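These notes are about the structure you will find just below.
Just so you know, all these numbers are worked out from the coordinates, no wet-lab data involved. Computed from a prediction, not measured in an experiment: that's the story for all the values here.
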Amino acid sequence: MPLRYEISRSGRYVRFDASGEAALEDMNQFVDMVEASTKAGGDRRVLVDLTRVRENLKFTDHYAIGEMVLQRLGHLERVASVVPAQRRTGTSEKVANARGTLLRVFVDIAQAIAWLDESID
């Protein structure tokens, strides 16, 4: 099953719920879609739920995803990504944040939402 997603907006953030199979190219297209949607919607904070995505990405793929986030989502204040605990590598987070993008990867959706709700000093 290809990668699918649903978008919902609250007053605080926009949420992208993804599901299905994902290769690096699918993730590339997904980041492009998040970029276009958030720019069009004037969004500042994003929650991406990837807990229903099946993937077999390598370290270099996670690095590339971090680069994509850095290049395409720098207009956002915060991006919270939620993944299953066994898939959390920290690679994309480190790459994206190396030059200022505020990306955090969580394994708990409630913690991700709490972080999005915090004010930025």
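Find the relative contact order for the stretch 4-117 and round it to a whole percent, using C-alpha pairs within less than 8 Å whose residues are 6+ positions apart.
On the way: 199 pairs, mean separation 29.6, N = 114.
Answer for the stretch 4-117 is 26 percent.
Per the helix-only calculation at 222 nm, which mean residue ellipticity applies to the chain, given -39500 (n - 2.57) for every DSSP H run of n ≥ 4 and division by its residues, nearest 500 deg cm²/dmol?
Numbers: 4 runs with 48 residues, N = 121.
Using -39500 (n - 2.57) per qualifying helix, the result is -12500 deg cm²/dmol.
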Practice item. Step through the residues of the stretch 32-41 one at a time and calculate ³J(HN,Hα) from phi using the Karplus curve (6.51 cos²θ - 1.76 cosθ + 1.60, θ = phi - 60°), rounding each to whole Hz and writing x for Gly and Pro. Key: 4, 5, 4, 4, 4, 5, 6, 5, 5, x
Exercise for review: Please work out, to two decimal places, the log10 of the ratio I(q)/I(0) at q = 0.13, 0.19 Å⁻¹ from a Debye calculation in which every Cα of the stretch 4-117 carries one identical scatterer.
Suggested key: -0.41, -0.97
